[in-house]
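Engineer: Submitted below is the structure of interest, expressed as structure tokens.
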Amino acid sequence: MSDVAARIAGAPISWGVCEVPGWGWQYDPETVLAQMRDVGIAATEFGPDGFLPDDPALKAKTLADLGLRAVGGFVPVVLHDPSHDPAAEVLRSLVGFVAAGAGTLVLAAATGQEGYDDRPVLDSLGWDTLLANLDKLAGIAAEHGVTATLHPHVGTMVENAADVDRVLRGSTIGLTLDTGHLLIGGVDPVALALKHADRIVHTHLKDVDAAWAAKVQAGEVGYTDAVRQGMYRPLGGGDIDIAAIVGALEKAGYSGWYVLEQDTILQDRPNGEGPLVDVRASIEHLRRLAEAV
């Protein structure tokens, strides 16, 4: 039996906690972290700025007091602007990572705009700048004992198959395999896991309603609206072959985290368990898969 079950981590966005202004009603960190612990999650990503204390020592203590390990976190930064050096903001984030014992920096190539419903088009200089920054930031992170990875993400500068291929060919940074964002961006996450397992150093597991994903790809509905309508499903409840992805990664020797991420938008404080129902279903599905790997 593999140790997949021991590498299941959580993310606050499964509870509706997101950095996008106006995303929805937000849980407090005490509730989210306590529910993670109670459902058997041993580690978590940090969530957006302001969710956990900014002070690195307090950030670490907040997690430790609830018995949770720190995985790392999602850090969107502008990478394509030749006049902007992202190193300083990444270094600020790394202070908190190191203090909490977190080992994974999840970079996203931010557009510089709010939200994930639109993005500019890069010219060759923009791409050259982005790729050079990826390797530069990976080196900075490594100096602090942290592994940097790029997260292809809807509404960022690295979203679709051509973008991902350009990153794989033009940089050495590892990837975060986010099964949902890849599918919505037009990338087959199973094929990517099979072909480029050596470049995958972190994993965000989502399941997706493919019909909603197709509407986002076609421009019929914005990403945020599709999330609000339930595009993301508990693992096993959507159209992504999670078993094939986990099997491919484990066969290739992947030893990283499987972070459960079902992007959720809450209109108000839920009655009853709220998002915990879907989180629990995803954990149970992944644990069943782990027994078969």
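Engineer: When the accessible area of segment 25-87 is computed with all protein chains present and a 1.4 Å probe, what percentage of it is carbon and sulfur?
Structural biologist: On the way: 1450 of 2790 Å².
C and S atoms contribute 52 percent here.
Engineer: Where the accessible area of segment 177-251 is counted over protein heavy atoms with a 1.4 Å probe, how much of it, in %, is carbon and sulfur? If you can, show how the numbers build up before the last one.
Structural biologist: Working: 1330 of 2820 Å².
Whole-percent figure for carbon plus sulfur exposure: 47.
Engineer: Which of Ile242, His151, Leu58 sits closest to the plus end of the dipole of the chain, meaning its Cα is farthest towards the positive end, when Lys and Arg get +1 and Asp and Glu get -1 on the C-beta?
Structural biologist: Projecting each Cα onto the dipole axis, the largest value belongs to Ile242.
Engineer: Taking the Cα centre as origin and putting +1 on Lys and Arg beta-carbons and -1 on Asp and Glu beta-carbons, what dipole magnitude results for segment 149-293, to the nearest 20 debye? Show your work: numbers first, answer last.
Structural biologist: Working: 13 positive and 20 negative charges, 57 e Å.
Here the size comes out at about 280 debye.
Engineer: I've got another one for you. Using a Gaussian network model of the chain with C-alpha springs under 10 Å, which one of Pro48, Pro152, Pro120 is most mobile by mean-square fluctuation?
Structural biologist: Of Pro48, Pro152, Pro120, the Gaussian network model singles out Pro120 as fluctuating most.
Engineer: Moving on to the next point. Do the sum for the chain: with -39,500 (n - 2.57) for every DSSP H run of n ≥ 4, divided by all residues, what is the mean residue ellipticity at 222 nm, to the nearest 500 deg cm²/dmol? Provide the component values of the computation, followed by the final result.
Structural biologist: Working: 11 runs with 118 residues, N = 293.
Dividing the helical sum by the residues of the chain leaves -12000 deg cm²/dmol.
Engineer: Sticking with this one: Work out which helices of the chain, taken as complete DSSP H runs, extend at least 24 Å along their axis over the Cα atoms and score a mean Kyte-Doolittle of -1.0 or more, then list them. Write out the running numbers ahead of the final one.
Structural biologist: Numbers: long enough: 124-143 (29 Å, 0.48); 276-292 (25 Å, 0.10).
Within the chain the helices that satisfy the rule are 124-143, 276-292.
Engineer: Using a cut-off of 14 Å between alpha-carbon atoms, which aspartates and glutamates can reach Lys59, once sequence neighbours fewer than 8 places away in the same chain are excluded?
Structural biologist: Those aspartates and glutamates meeting the cut-off are Glu30, Glu45, Asp49.
Engineer: Pull up the DSSP beta bridges for the chain and report the antiparallel fraction as a percent, rounded to 5. List each step's numbers first, then the result.
Structural biologist: On the way: 2 of 30 bridges.
For the chain, the DSSP antiparallel bridge percentage is about 5.
Engineer: Give the accessible surface of segment 33-139 per residue, rounded to a whole number of Å², with probe radius 1.4 Å and ligands, DNA and RNA excluded.
Structural biologist: The answer is 44 Å² per residue.
Engineer: Rounded to two decimal places and with Rh computed the Kirkwood way over Cα pairs, what is Rg over Rh for segment 201-293? Show your work: numbers first, answer last.
Structural biologist: Numbers: Rg = 14.5 Å, Rh = 14.4 Å.
Over the Cα atoms of segment 201-293, Rg/Rh equals 1.01.
Engineer: Within 10 Å, count the other beta carbons around each residue, average over each peptide in 164-175, 100-111, and list them highest first. Each step should come with its number before you reach the end.
Structural biologist: Numbers: 164-175: 17.2, 100-111: 22.9.
So the peptides 164-175, 100-111, ranked by packing, come out 100-111, 164-175.
Engineer: Give the residue from Gly185, Leu105, Leu125 lying farthest towards the positive end of the charge dipole for the chain; charges sit on Cβ (+1 for Lys and Arg, -1 for Asp and Glu) and the dipole is referred to the Cα centre.
Structural biologist: Checking the options against the dipole of the chain, the answer is Leu105.
Engineer: With a probe of 1.4 Å, find how much accessible area segment 195-293 has per residue, and write the answer as a whole number in Å². Could you put the intermediate results ahead of the total?
Structural biologist: Numbers: 4500 Å² over 99 residues.
Per residue, segment 195-293 has 45 Å² of solvent-accessible surface.
Engineer: Taking GluC sites (Glu not before Pro) as candidate sites, keep only those in a DSSP loop with at most 13 other Cβ atoms within 10 Å, then name the longest stretch of the chain containing none of them.
Structural biologist: Working: sites that count: Glu114, Glu220, Glu273.
My reading of the result: 1-113 is the longest stretch.
Engineer: With only Lys, Arg, Asp and Glu charged, each at its Cβ (+1 for the first two, -1 for the last two), find how big the charge dipole of the chain is about the Cα centre; round to the nearest 20 debye.
Structural biologist: Values: 21 positive and 40 negative charges, 146 e Å.
Using Cβ point charges on Lys, Arg, Asp and Glu, the chain gives about 700 debye.
Engineer: To the nearest 20 debye, what is the magnitude of the charge dipole of segment 45-175 about its Cα centre, counting +1 on the Cβ of each Lys and Arg and -1 on the Cβ of each Asp and Glu?
Structural biologist: Values: 8 positive and 18 negative charges, 97 e Å.
Charge dipole, segment 45-175, about its Cα centre: 460 debye, nearest 20.
Engineer: May I pose another question? Exactly which chymotrypsin sites (Phe, Trp or Tyr not before Pro) in segment 1-59 are in a DSSP loop and have at most 13 other Cβ atoms within 10 Å?
Structural biologist: Numbers: sites: Trp15, Trp23, Trp25, Tyr27, Phe46, Phe51; in loops: Trp23, Trp25, Tyr27, Phe46, Phe51.
Passing both the DSSP loop test and the Cβ count: Trp25.
The values are calculated or read from the model by the stated rules, or taken from the named source; none is laboratory data. Note that this is a predicted model, so its numbers are computed, not measured. Cβ: placed from backbone, ideal geometry, glycine included. Neighbour counts: every protein chain shown. Surface areas here come from the heavy atoms of the whole protein model, side chains and all, with no ligands, DNA or RNA. Shrake-Rupley method; radii C 1.70, N 1.55, O 1.52, S 1.80 Å.
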